[in-house]
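Asker: Quick one: the structure is below, questions incoming.
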Amino acid sequence: MPEMTEEQRKALEEKIKNMSPEQLAELQKQQCIFCQIISKKIPSKIIHEDEHSLSILDINPAAKGHILILPKIHYAIMPQLPDPLIGHLFIIAQQMSQLQLRSLKVSGTNIFIANGLAAGQRAQHFLIHVIPRKEGDNLLGAEEKLLDKTYQQNIAQAIQGRLNELLGIPNQTPQESLPESLELSSPPPTPSIPAQPEQPLSSPSPLPQTSAQSISPKKIKKPKESSPEESEPSTRPKESVSLDDIANLFK
Amino acid sequence: MKCDYCEIVEQKTNASILYEDSDTLIVVKDMVLTPGQITVIPKQHFTIVEMIPPKLLQKCSLLANKVSIASFDTLGIQGTNIIIQNGLAGGQKVPHVALEIIPRKENDTLPLQWQPKPLSEVDLETTFTALQDELKREHKQQPATPEENSQLQQPSSESTSQPSSKPKESPAPDSYLLKSLKRLP
């Protein structure tokens, strides 16, 4: 982006201050290269498109075949996204990862999200990276360290209250009440995107409200029901040879 | 050898548990890239991300977002990464799929950044063709594999055939993956 002079910047700030939210959204759209890709004003290599997302090849990739998954609506950061949309984008990420494994002769992938400049977010349009990985490619190669138990507990303590709040769990009753409250249950077949697309997707309302739509805290299941889910190796999906091979590398 | 995350699920390790329900767990593990890292683990053992039922992955992704927001609000950080390391080559250390939420600070020097490599027009085109060919092949042969996995909730007994057959013919919400496949360019 070209540098602005001090006056230009001031003038722009002034202009932005006086804009209505709609005008602001429009300006954002004009300024955002990914919005222009989504509206096809800028050409791109489209791998997948649906009502809510566009997946394209990154032209400045970390590795050949690096895919970007873009929500069609402009969101700058992940906390603005409605829950059903996040879920949808992850399903697409899963498909794109599978596609890379099957067609690019790679033996791994990373699904990667950067929230904030400090985390390496370079685009002003939220997106998910799906990066093909090869043995020894030296990408994202961070080493794990052993964390001291006390430190571990301090972190848990620091975050627990706020996390409970976000998950809709009352804070005064910590452990026992947790298990049932966040059930994604089967009876309503899917609380996923197409079921209720318009409302949650178009309004970037704050998270606590939207969360109720796909994760219903009212659905309470008996903890016992969890046992069949956890223990059945028979549910292991049949995958193509190549995916099994990748999974089998661990053994 | 027992899977490390299955051991966490069975609560045989020291991981501090932040949240638990019938199919997921949020924990502070002892092996981390950086202090403050939090992990969302599906309880059932799935080795790589392709194997996890889409519905469960959706749920994990929402939990990861909440963890990310909570980290922002409480850990004094300026950013987060949410990462799924998939396959040995993808840096996956434990053969059990999980979502890592990694706190970030300005100049923390975590090597979670990459140097973009501009691709030549030819390279871009061949990669694009390879991906598209595979998409076409998938489209012809079968309705995307992920659907087969969607029998998360009741894998055994009563509803055996119901969840897996449903997405294929009905316009039920489950079939949106199918629908989106049909819309592929």
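The values are calculated or read from the model by the stated rules, or taken from the named source; none is laboratory data. Not measured: the values here are computed from a predicted model. FYI the Cβ positions are ideal-geometry reconstructions off the backbone, even for glycines, and counts take in every protein chain you see.
Asker: Residue A:12 versus (1) away from every other protein chain (no Cβ under 14 Å); (2) within 29 Å of residue B:71 (Cα to Cα); (3) of a type outside the set (Lys, Arg): which is the lone unmet condition?
Answerer: The single condition residue A:12 does not satisfy is (2).
Asker: Related question: Looking at segment A:3-28, which of the residues that are over 33 Å from the mean Cα position of the chain (by Cα) and either assigned to a helix (DSSP H, G or I) or touching a residue at least 24 places away in the same chain (Cβ under 8 Å) (or both) is nearest to residue A:73 (Cα to Cα)?
Answerer: Looking at the filtered set, the residue picked out is A:14.
Asker: Continuing with this model, one more query. Among the residues of segment B:25-81, which ones are in contact (Cβ under 8 Å) with a residue 24 or more places away in the chain, charged (D, E, K, R) and not in a loop (DSSP other than H, G, I, E, B)?
Answerer: Within segment B:25-81, B:50, B:55, B:59 qualify.
Asker: Inspect segment A:138-156 for any residue being in the same structural domain as residue A:80 (by TED's automatic domain parsing) and touching a residue at least 60 places away in the same chain (Cβ under 8 Å) and give the result as yes or no.
Answerer: no
Asker: It is to be established whether one or more residues within segment B:5-14 are more than 8 Å from every other protein chain (Cβ to nearest Cβ), under 13 Å from the mean Cα position of the chain (by Cα) and either buried (at least 24 other Cβ atoms within 10 Å of the Cβ) or basic (Lys, Arg) (or both).
Answerer: No, the conditions are met nowhere in segment B:5-14.
Asker: Next question, about the same structure. So is residue A:61 of a type outside the set (A, V, I, L, M, F, W, C), within 21 Å of residue A:119 (Cα to Cα) and either part of a helix (DSSP H, G or I) or within 13 Å of the chain's Cα centre (by Cα) (or both) or not?
Answerer: Numbers: of a type outside the set (A, V, I, L, M, F, W, C): yes; within 21 Å of residue A:119 (Cα to Cα): yes; either part of a helix (DSSP H, G or I) or within 13 Å of the chain's Cα centre (by Cα) (or both): no.
Considered against the rule, which asks whether it is of a type outside the set (A, V, I, L, M, F, W, C), within 21 Å of residue A:119 (Cα to Cα) and either part of a helix (DSSP H, G or I) or within 13 Å of the chain's Cα centre (by Cα) (or both), residue A:61 comes out as no.
Asker: If you don't mind, another one. Can you tell me which residues in segment A:83-123 are over 17 Å from residue A:61 (Cα atoms) and more than 7 Å from every other protein chain (Cβ to nearest Cβ)?
Answerer: A:84, A:85, A:88, A:89, A:92
Asker: While we're looking at this one, here's another question. So, in segment A:133-154, of the ones that are modelled with pLDDT of 85 or more and touching a Pro at 6+ places or on another chain (Cβ under 8 Å), which residue ends up surrounded by the most Cβ atoms within 10 Å (Cβ to Cβ)?
Answerer: A:147
Matching residues to (1) closer than 28 Å to residue B:107 by Cβ; (2) modelled with pLDDT under 95:
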site	(1), (2)
B:20	no, yes
B:30	yes, yes
B:48	no, yes
B:52	no, yes
B:57	no, no
B:60	no, no
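Asker: Only one of (1) over 16 Å from residue A:94 (Cβ atoms); (2) in contact with a Ser or Thr (Cβ under 8 Å, 6 or more places away or on another chain) fails for residue B:50. Which number is that?
Answerer: (1)
Asker: Within segment B:39-51, restricting attention to residues that are more than 7 Å from chain A (Cβ to nearest Cβ) and closer than 24 Å to residue A:168 by Cβ, which residue is surrounded by the fewest Cβ atoms within 10 Å (Cβ to Cβ)?
Answerer: Of all residues in segment B:39-51, those more than 7 Å from chain A (Cβ to nearest Cβ) come to B:39-42, B:45-46.
Filter again for closer than 24 Å to residue A:168 by Cβ, leaving B:39-42.
Details: B:39: 23, B:40: 26, B:41: 27, B:42: 26.
If we take residues in segment B:39-51 being more than 7 Å from chain A (Cβ to nearest Cβ) and closer than 24 Å to residue A:168 by Cβ, then B:39 is surrounded by the fewest Cβ atoms within 10 Å (Cβ to Cβ).
Asker: Would you say residue B:95 is under 21 Å from the mean Cα position of the chain (by Cα), more than 26 Å from residue B:75 (Cβ to Cβ) and at the interface with chain A (Cβ under 8 Å from one of its Cβ atoms)?
Answerer: Judged against the criteria, residue B:95 is a match.
Asker: Return yes when residue B:61 is within 8 Å of chain A (Cβ to nearest Cβ), under 26 Å from residue B:73 (Cα atoms) and within 10 Å of the chain's Cα centre (by Cα) and no when it is not. Spell out how you get there, then give the answer.
Answerer: Working: within 8 Å of chain A (Cβ to nearest Cβ): yes; under 26 Å from residue B:73 (Cα atoms): yes; within 10 Å of the chain's Cα centre (by Cα): yes.
Spelling it out, residue B:61 is indeed within 8 Å of chain A (Cβ to nearest Cβ), under 26 Å from residue B:73 (Cα atoms) and within 10 Å of the chain's Cα centre (by Cα).
Asker: Further, regarding this structure: Among residues belonging to segment B:82-121 that are outside any loop (DSSP other than H, G, I, E, B) and without any contact (Cβ under 8 Å) to a residue 12 or more places away in the chain, point out the one that is farthest from residue A:162 (Cα to Cα).
Answerer: Per the stated criteria, the residue is B:121.
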